[in-house]
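Below you'll find the structure I mean.
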Amino acid sequence: MNNKIQFMKHLFLAVTTAFVITSCGAISRGTTGTTESKLIKIVSVEQGCPVENIKIIDKVKGLGSGSYALEVCGKRMVYKQAGTTFMESSKMQTIMQSSGN
């Protein structure tokens, strides 16, 4: 009987931990494509290009970071992700150089 209670405690802990990890916003957004739709909307506003004329050509994603090659109204651009922020690659490089990194 005692082993059964211990097993149930461990099972409950494992299920609870899995639920917390998988419900994390960053993981959820990364796996459901919400991050990419947000990126396309940001690029649309910044570049003055309709959403339907923006395509993700290639991507390299990490946990909370990424690099995206896009076709934006016929022009190739690269955007970087740092946490929840997206920025055109050349602008991010300028900021990093000016901060000494």
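Report yes if residue 37 is modelled with pLDDT under 70 and hydroxyl-bearing (Ser, Thr, Tyr), otherwise no.
Answer is no for this residue.
Quick one: in the range 60-83, which of the residues that are basic (Lys, Arg) and modelled with pLDDT of 95 or more is most open to solvent (accessible area, probe 1.4 Å)?
76
The values are calculated or read from the model by the stated rules, or taken from the named source; none is laboratory data. This is a predicted model, so every value here is computed, not measured. Surface accessibility is based on the protein's heavy atoms, side chains included, excluding ligands, DNA and RNA. Shrake-Rupley method; radii C 1.70, N 1.55, O 1.52, S 1.80 Å.
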